[in-house]
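The values are calculated or read from the model by the stated rules, or taken from the named source; none is laboratory data. Here the structure is a predicted model, which is why all the values come from computation and not from measurement. Positions of Cβ are generated from backbone atoms using ideal geometry, with glycine treated the same way; all protein chains shown enter the neighbour counts. The protein model used for the area step is the full one, side chains on, heavy atoms only, and it has no ligands, DNA or RNA in it. Shrake-Rupley method; radii C 1.70, N 1.55, O 1.52, S 1.80 Å.
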Amino acid sequence: MVSEIAAASAPPLPLAAIVIDWFHANRRDLPWRRDGFTAWGTLVSEFMLQQTPVSRVIPHLEDWLTRWPTPADLATVPPGEAVRAWKSLGYPRRALWLHACAVAITEEFGGVVPDDVDALLTLPGIGDYTARAVAVFAYGGRHPVVDTNIRRVIARVVDGNADPGPPNARRDLPAMESLLPGDRAASVAFNAGMMELGAIVCVARAPRCDGCPLSEACAWRLAGYPAYDGPRKAVQKKYEGSDRQVRGLVMAELRASHIPVTRAELETLWPDSAQRERAIAGLVADGLAVENPDGLVLP
DNA sequence: GAATCGTGGCG
DNA sequence: TCGCCAAGATT
């Protein structure tokens, strides 16, 4: 269940007004901001944007929506077609989950993407961020949206920290809620504006404070840009030589082939047989690959 | 709560 | 070169 925390009694709004004004003047022209972009398009874009940069998403999004303009269109094809069309966006189970979403939306929601956060949360691959992003950006709902950009902006501007540390919905959602304007349209623009600010100005590595509309009020800047000293995000393991790399190689092979991929062909991909078999078993367990007598195929 | 899950670009 | 980062979700 979602429990939206009641807005703090003190009306916070200079910050929101500044961000909203800045957003209206500086927002990028992105596909999901076009007039007439559908709720389904928003859902697809949010899936693709999970941990994948905007620049890599855009071309695939256009292809995807041209081919499957509604959930019902996607629901009619096998899940493997979704995985194939996912190309090299990464984390291919997102494609599987998106296909499962299309089926559930078609069968349980009359083909209409739900506008309710709790309903969205019942769908596969949709968590706190994506549920709110769809409810807000597709339907204009008033909810706090918290992504990595917004967490960073709040950490700096409000808390005076260089880095937000590990995500924590119990803390992050109320923090954003306390800043959110009461007006629905304003709250949508504020959510989008905070994300945009984090994406193009208050960026992780080299923030462009010169162009930041919040620089005068930024607690981190006013404190002299202290270095971050809190708990670090988990360090990402090396990709080269990892199981993830092997899985990626196998999936690339499956996407490229329209006939079963044999064990012999997979042997040429990766010499370490134990690791290769582990990757294959994992992909089968995840439903990303299916074993048949002739070899491995997409589901 | 920590580990796992792709891929590519950038400083 | 290589570590960090990218509109997260699941187990």
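Summary of computed values
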{"quantity": "Hits in the stretch A:44-74 - residues which are open to solvent by less than 30 Å² (accessible area, probe 1.4 Å) and part of a helix (DSSP H, G or I)", "calculated": "A:44, A:45, A:46, A:47, A:48, A:57, A:61, A:64, A:71, A:74"}
{"quantity": "Sole residue being more than 8 Å from DNA strand C (Cβ to nearest atom), of a type outside the set (Gly, Ala, Ser) and either in contact with an Asp or Glu (Cβ under 7 Å, 6 or more places away or on another chain) or within 25 Å of residue A:206 (Cβ to Cβ) (or both), chosen from A:167, A:144", "calculated": "A:144"}
{"quantity": "Any pair with Cβ under 7 angstrom, 6 or more apart, that starts in the stretch A:64-80 at a residue that is touching a residue at least 40 places away in the same chain (Cβ under 8 Å) and ends at one that is in a helix (DSSP H, G or I)", "calculated": "A:70/A:40; A:71/A:40; A:71/A:102; A:71/A:105; A:71/A:106; A:79/A:96; A:79/A:99"}
{"quantity": "Matching option when the condition is touching a Leu at 6+ places or on another chain (Cβ under 7 Å) and either at negative phi or within 11 Å of DNA strand C (Cβ to nearest atom) (or both), among A:32, A:86, A:68, A:64", "calculated": "A:68"}
{"quantity": "Meets criteria (under 25 Å from the mean Cα position of the chain (by Cα), of a type outside the set (S, T, N, Q), under 24 Å from residue A:168 (Cα atoms) and at pLDDT 95 or above) for residue A:202", "calculated": "yes"}
{"quantity": "Hits in the stretch A:254-299 - residues which are within 25 Å of the chain's Cα centre (by Cα) and outside any helix (DSSP H, G or I)", "calculated": "A:286, A:287, A:288, A:289, A:298, A:299"}
{"quantity": "Test: residue in the stretch A:173-185 that is open to solvent by less than 10 Å² (accessible area, probe 1.4 Å), hydroxyl-bearing (Ser, Thr, Tyr) and over 19 Å from residue A:29 (Cα atoms)", "calculated": "no"}
{"quantity": "Filtered residues of the stretch A:19-31 (kept if open to solvent by 50 Å² or more (accessible area, probe 1.4 Å) and either within 20 Å of the chain's Cα centre (by Cα) or within 16 Å of DNA strand B (Cβ to nearest atom) (or both))", "calculated": "A:27, A:28, A:29"}
{"quantity": "Which numbered condition residue A:267 fails, given (1) surrounded by 10 or more Cβ atoms within 10 Å (Cβ to Cβ); (2) within 16 Å of DNA strand C (Cβ to nearest atom); (3) of a type in the set (D, E, K, R)", "calculated": "(2)"}
{"quantity": "Residue check, residue A:242 closer than 30 Å to residue A:297 by Cα and hydroxyl-bearing (Ser, Thr, Tyr)", "calculated": "yes"}
{"quantity": "Residue among A:202, A:212, A:218 that is in contact (Cβ under 8 Å) with a residue 12 or more places away in the chain and out of contact with any helix residue (DSSP H, G or I) (no Cβ under 6 Å at 6 or more places or on another chain)", "calculated": "A:212"}
{"quantity": "Residue check for residue A:94: assigned to a helix (DSSP H, G or I) and either of a type outside the set (Ser, Thr, Tyr) or buried (at least 16 other Cβ atoms within 10 Å of the Cβ) (or both)", "calculated": "yes"}
{"quantity": "The lone exception for residue A:16 - which of (1) within 30 Å of residue A:253 (Cα to Cα); (2) in contact with a Pro (Cβ under 7 Å, 6 or more places away or on another chain); (3) among the hydrophobic types (A, V, I, L, M, F, W, C); (4) open to solvent by less than 10 Å² (accessible area, probe 1.4 Å) it fails", "calculated": "(1)"}
{"quantity": "Subset of the stretch A:248-268 (residues that are closer than 18 Å to residue A:286 by Cβ, out of contact with any Lys or Arg (no Cβ under 7 Å at 6 or more places or on another chain) and not acidic (Asp, Glu))", "calculated": "A:248, A:249, A:250, A:251, A:252, A:254, A:261"}
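Here's the yes/no breakdown for (1) assigned to a loop (DSSP other than H, G, I, E, B); (2) open to solvent by 40 Å² or more (accessible area, probe 1.4 Å):
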| site | (1), (2) |
| --- | --- |
| A:99 | no, no |
| A:112 | yes, yes |
| A:123 | yes, no |
| A:136 | no, no |
| A:144 | yes, no |
| A:150 | no, no |
| A:165 | yes, no |
